[in-house]
Every structure is written in structure tokens, then in C-alpha cells.
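The values are calculated or read from the model by the stated rules, or taken from the named source; none is laboratory data. Computed from a predicted structure; not experimentally measured. Cβ sites come from the backbone with ideal geometry, for glycine too, and all protein chains shown count toward neighbours. Accessible surface is based on the protein model in full, side chains and every heavy atom, while ligands, DNA and RNA are left aside. Shrake-Rupley method; radii C 1.70, N 1.55, O 1.52, S 1.80 Å.
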Amino acid sequence: MVKIALIGVLGIGAQWVAWRTNLPAIALMLVAGLIAGPALGLIEPERDFGTLLEPIVKLAVAVILFEGGLSLNFRELRYAGWGVARLVIVGVPVGWALGTAAVHYGAGLPISVAALFGGILVVTGPTVIGPMLRTLRVPNRVRDILKWEGIVNDPIGALLAVAIYAFISYRGDSVDYAGIGFEVVGATFLAGLIGAALGYALTWMFPRGLVPEYLKAPLLLITVIFGFVVADIIMHETGLITVTIMGVVMANKPVHSSRALHRFKEDLAVLLISGVFILLSATLDWETIQAFQARFLLFLLLLLFVVRPVTVLTSLFLSGIPLREQLFIAWIAPRGIVAIAVTGLFALRLVDLGYEGADALVPLVFGVVIATIVAHGFSASWVARRLGIDMGKGEGVLMVGANRWTIDLGKFLKGLGYRVVVSDTSKFALRSARRQDLEIHQGEILDEAHGHAVDMGQFQHLIVATENDSYNQLVGTDLGPEVGYDQITLVNSDEGSQQRVGRGRTLMESGPTFETLQDRQRDGWIFSKTQITEKFNYESFLANLDKGEEPVAVVKPDKRLLFFSTIARPTIEEDDIIISFVAPDTPEELKAQKMEERARKEEAREKSVERETVAKGRGSGGALPDPA
């Protein structure tokens, strides 16, 4: 019990530290496992779990791969499909051949053992790619290619190892290559059918109410484990194909409660990745570490700087993908759980069969995992910046609901240097935002955020301010896991909803309703900014506010934008800028503001008339009248 609790604390703790420090989570989990395992001896997985260790790891990998498959929506292949296909069709054989040569000539292992290990090395794996991509902001095409490659190539690499092991371990008078190949292909095809059948079965049952809501997630989890075990009994490692296909089928068919199920699987995958990484890194002992020979360094250098770059650049040659994106993909190839688990399984079998060099596979695969995680994990953001594909930290603000208040706030924030996007389903409502030179997005934000039409990573905050309180709550609930509930601020639409607990925070400490904000806007209220200094502190700022006036947000020197809410007030420090919603100071100021607004409307009307005149002139089929 103590060991299980310690594994959980170390794994989730490492992920939390990674979130706070922007360091790669996989590297921190690896370090935590090494400290708890070989360094301090607090966790010895083989002793603590015995024969349960291998099935625990294999079932965890199955669930992780299924969760990865659930994220593989075919809509993402609109731009990344050709690249993914090339990395599978061309990249796998090229990577296998180059990896085998690197293991044979670099690490000095026999060609048969090198071929098996070279097959395993084609994997990259969602267990390491996922946490890495979570901290990067690169183009969607790059993200989708790396994600699809990692999930699709994982079972392919394992099956390559199965096929090669079958060839090299055959003890008959003559090797029946055709028979072995047919057996592997047949088992793979059958595993894929099992996965597809289970996926279709669940997507048929769930919408028809044949499974109650409280049983959907447990049934899904047990079905994943059942499918993996059945396929693995037919042939080792084919279960990986089953769970991946099952996930892809469910990702591309409409299922009631699919988002809730996906979040359940995502939470479970985070727990399993954390636990398995701690377990596998803790399995290292000093004897295994000492077995790592100096000559293996040459192999690691070949793997990092020759095998992966040549494989990717060969696969994506003339693909139409920009060279800088190809170079980034060519550098990113960390290995993780699947590589360690599959290598450990076949290393034991080859040692039992007496193959020379098989005992070097375990220290070698840990060397690969450590080298690739450290090299790629810590350098990914730097390489992205050097190649010019780093999209930077998301500092924008998304406003759902185009109305007078959100448009004025958006204009004010834009004046402070923030990128502001106003989203609404109504083309008419977005006209005012367009006149203020704000970016607009017409469409249903719930569908398009999940469908990757809108990259939510570009926004640091989401303000939901429509007149429909139920819709505001729905957006907060649905997009909370995407951007974080503390990054969502809602505007209530009626007095009775101010005290209702929702998903997201209620804007401003007094929680004014949508109608209240609109009324104040019509009365001439404006947004203002005040810088906090040593002499003019927050208390002085509050003392200068009149009745009803209050702060809306605070701008930090690092461009973080923190909003006031009914349940939380940002910490105010020197050099912070407070944005507040206040009434005009004098009637003259209100009159000037109305005159300015009237002038803007008149200017917009004149431009509209001018555009109509030009359009009529073009529609007449001739040139516009000569002013002379």
C-alpha cells in the first residue's frame, strides 16, 4: 500500500511540478523514478509486485493506446494525412533498416538481435509525445503528424518485433518464412477485426440506451482490457492493434456521452502514464546501469542525429510540408513505455534461447529512453523557436458573445496589446466587432473548439457573455477541461443565477448581470486603466471609485490577464495595471463620448454608401462614371 501510494504521489507530483515550471513532464517522471528506485531503493517493482508487474504494465499500455486512439479523428488528417501515411509506409521500413544498422555497427550487437531491436525503435509512443505536445505551441499539422505517428507506429513496432522474433527463434530444419509471415499478418488482421467489432458494438449500444450512464465508463474500460487480452492470447502484442483500432472507430462515430467518456479515459491515462513511468524507471538497478557500455554512446548519437532525421526527411520528401516543419518532426522522437515493455519481454526470451548480446538490450533500451527524453524533451521548445514554428505562449482573449459590452472590452484590451477574438453564431452581431477592427469568428464555439477548428491554446482567458445564462454555463462546463476552469469567466444573465455554482468564475466581485452591464454601457460607462505604484496602492485605488464602479481585471507585467470574480480576487502588486468599469466623470465627458460614437456611425454609413456605389458601377458592366 505504501509503495502504490508513493508511486502515485511521485508520478502526479512530477506532472504538477512540470506544469508549474514548464519543464518536460516525462523527464521529471523519469528522474523521480530513478531516485525512488536505484538511488534510494524505496521502490523495487520486481520485488514489490512480482509476477504481476508485466501484466500491470501491459494492461496500462493498452488503456493508454486506446485513449490515444480516441484522439485520432479523421478530420485532423485533412492537412496531416499525407505526412502520416508517408511516415508509416516509407518511414517504418527506412527507420527499421537504419535502426538495425545503427544497433549492429554502433552498439556491436549481432545482426539478428539488432534487427529485432531496430523494429522496436520505430515506435515513438503517445506516453511521451502527449505530455511533450501539451507544453508546446506548434502548428496543428505538426502536432497531428507527431500524435498520429506515435499512436499508429506503436503497435507496428511491436508487431515487427513479434515477426522478427518468430523468424530468428524458429528451431526447425528450415525456416518457413511464408508460413511465419502469414501467421503474423493473419493475427494482425484478426486483432484489427476484434478492435473494430468492439468499437462498433459500443457505438451502437450507447446511443440506444442499452447501457445506463453510470455503467458506460466502467463497461468501456473493461471492454478495452477484454479486447486486448483476447488478441494477445491469439498472438503476443497484437492486442495493441486491437485497442488502437477500437479507439479510432469510437473517435469517428457519434456517441452520446463521448466527451465525458473521453475525459474519463484521459484522466485514467494520465494516472497510468505517471504510474508506469515511475515503475519502469525504478526497475533499473546498478547492475543494469553498469552494463551500459561506452560503445553504446556511438549508437545513441547515430539514433539521434542520423536514423531519425534521415527517416523523416526521406519520408516527407516532396510532400509539400514546409522544410522547417519537417526538420522539427525529424528531431522529435522520444521513446517510452512501449519500447521498454516490448524490449524487456523479448530480451528475456532471447537470453533463455542463448542469443549473444541479448542481455545488452535492457540497458540499451533504457539508454535510448533516457537520451531521447532528455534530448528531445528539454530542447523541443528551443528547436521550435529556432525553426520559427513556435507560436508562442497563448496570450489572447476569446470572447463568446458579440454585444456592446464585450466589443468595448475587446477594443480596450486590444489597445493594451492583447489579441482579442470575438465569437458568435450571428453574422449580424459580429458586424460591430468587425467595425472596431477586432478579429471575429462566426460559428458554434463548442463544436469548433473540439473539432480543432479553433486552437484554444492561443488564448489565456475565455469570457462568456451572452444573454442566455444556460448557454454560458454550458460553455464553461464543456470547455473547462480544454482551457482550465480558472481561465473561464462567465457573465450571469439574471439575478437568481449569481449564487449558482457553475463551471467557470462569475465576472467581477459584485457579479453584475448581463442586463446590468448593458444598461451601464448605454448610460455611458467606460473602461479605464490605473497603474498601481508605491504611492498609489490598491487601497487608494478603491477609495477613488464611486458607487457601482469596480475593477474588472488586472494586467501583470508579464502580460498575464487576471479577472476579478465573485470567488477570487487577483493579488495586486506594484506596477500592475487595473482595468475597471466606471461611469463618466462629468456630463461633458458623456456628451463627448456620445458625439464620438455618432461620428463613428456616420463614418461607417458613408463607407457603406461608397461600397454600394462601387458595386453598382461594376455591376453595370462598364467603368465607373468619369468625375470630370
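Just order 416-425, 276-285 by mean Cβ neighbour count inside 10 Å, highest at the front, would you?
Details: 416-425: 19.2, 276-285: 24.5.
Going by the mean number of other Cβ atoms within 10 Å, highest first, we get 276-285, 416-425.
If we sort 358-370, 206-218 on the protection proxy, mean other Cβ atoms within 10 Å, highest first, what's the order?
Ranked by mean Cβ neighbours within 10 Å, highest first: 358-370, 206-218.
Which pairs, out of Lys3/Lys216; Lys147/Lys265; Lys411/Lys547; Lys427/Lys559; Lys411/Lys559; Lys253/Lys427, put more than 20 Å between their alpha-carbon atoms? List each step's numbers first, then the result.
On the way: Lys3/Lys216 31 Å; Lys147/Lys265 17 Å; Lys411/Lys547 25 Å; Lys427/Lys559 31 Å; Lys411/Lys559 16 Å; Lys253/Lys427 30 Å.
Pairs exceeding the cut-off: Lys3/Lys216; Lys411/Lys547; Lys427/Lys559; Lys253/Lys427.
Using a Förster distance of 41 Å, how high is the FRET efficiency between Asp478 and Asp48, based on the Cβ-Cβ distance and rounded to 0.05?
The value I calculate is 0.50.
So if R0 is 25 Å, what FRET efficiency would Arg295 and Ala178 give, r being the distance between their Cβ atoms, rounded to the nearest 0.05?
0.10
What length, rounded to one decimal in nm, is gained on full extension from Ile222 through to Ala201, with 0.36 nm per residue of separation minus their alpha-carbon distance?
Value of the extension gain: 6.2 nm.
Treat each spin label as a single point 7 Å out from the Cα along the C-beta direction, and report the Ala5 to Arg385 distance in nm.
If labels sit at Ala5 and Arg385, their model points lie 4.1 nm apart.
Sort Glu356, Glu439 by accessible area with a 1.4 Å probe, largest first.
Heavy-atom accessible area, descending, gives Glu356, Glu439.
Can you figure out the FRET efficiency of Asp523 with Arg134, using R₀ = 41 Å and their beta-carbon distance, to the nearest 0.05?
Plugging the Cβ-Cβ distance into 1/(1 + (r/R0)^6) gives 0.35.
Please report the spacing between the Cα centers of the range 304-331 and the range 506-539 in Å, no decimals.
A separation of 51 Å, based on Cα centres.
Sorted by average packing, counted as other Cβ atoms within 10 angstrom per residue and highest first, what order do 400-413, 548-561 take?
Packing proxy ranking, top to bottom: 400-413, 548-561.
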